[in-house]
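The values are calculated or read from the model by the stated rules, or taken from the named source; none is laboratory data. Source: prediction; values computed, not measured. Cβ placement follows ideal geometry from the backbone for every residue including glycine, while neighbour counts extend to all protein chains displayed.
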């Protein structure tokens, strides 16, 4: 599988529009080469550089219909809606996307897409830990895309 975004290139800077300093809207993500037998997809956006144990998860989307080839920009921040699947709680405790807002220095934001051989059928506000636990033994393939961001405003 390959994961890409029209918002930023692999290893590139995430534009302010998609961050907490900007409009805080989710970027578009698209993918190709979903493996045969895929029953659902999951996307997790994580900052491993966050100053807390385990980093910070900014977005959790799961039970994505495998016939889809993208998640549109500015995805509504609601638990479940037609055409996407379910959104879980980010590490701030809210449903949906939360844009980058590193306290200092450049942070990496890694979007990981997982092709699964099952639907997870978790409650719509699952945490990334619950999603990752449910995915174990069901991952057919995965892809990643990393972007970076450094806070623009003075602390």
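With the structure loaded, tell me whether residue 50 is under 15 Å from the mean Cα position of the chain (by Cα) and either in contact (Cβ under 8 Å) with a residue 60 or more places away in the chain or surrounded by fewer than 22 Cβ atoms within 10 Å (Cβ to Cβ) (or both) or whether it fails that test. So residue 50 does not fit the description; no.
Looking across region 4-47, the residues that are surrounded by fewer than 19 Cβ atoms within 10 Å (Cβ to Cβ) and not in a loop (DSSP other than H, G, I, E, B) come down to 4, 13, 16, 17, 30, 32.
Which residue out of 111, 134, 115 is closer than 24 Å to residue 15 by Cβ, surrounded by 14 or more Cβ atoms within 10 Å (Cβ to Cβ), at pLDDT 95 or above and out of contact with any helix residue (DSSP H, G or I) (no Cβ under 8 Å at 6 or more places or on another chain)? Residue meeting the stated conditions: 111. Taking the listed residues 120, 145, the one that is assigned to a strand (DSSP E or B) and either buried (at least 17 other Cβ atoms within 10 Å of the Cβ) or at pLDDT 95 or above (or both) is 145, with no other qualifying. May I ask you to list the residues in region 123-142 that are assigned to a loop (DSSP other than H, G, I, E, B) and in contact (Cβ under 8 Å) with a residue 60 or more places away in the chain? Those that are assigned to a loop (DSSP other than H, G, I, E, B) and in contact (Cβ under 8 Å) with a residue 60 or more places away in the chain: 126, 127.
Given the condition under 23 Å from residue 21 (Cα atoms) and out of contact with any strand residue (DSSP E or B) (no Cβ under 6 Å at 6 or more places or on another chain), answer yes or no: does some residue in region 77-85 qualify?
Looking only at region 77-85, we keep the residues that are under 23 Å from residue 21 (Cα atoms), and these are 77-78.
From what's left, out of contact with any strand residue (DSSP E or B) (no Cβ under 6 Å at 6 or more places or on another chain): 78.
Yes, because at least one residue in region 77-85 is under 23 Å from residue 21 (Cα atoms) and out of contact with any strand residue (DSSP E or B) (no Cβ under 6 Å at 6 or more places or on another chain).
If the Cβ limit is 6 Å and pairs must be 6+ apart or interchain, which residue in region 102-113 that is more than 18 Å from residue 62 (Cα to Cα) pairs with which residue that is not in a strand (DSSP E or B)? Matching pairs, first to second residue: 102/151; 106/150; 107/49; 108/49; 109/100.
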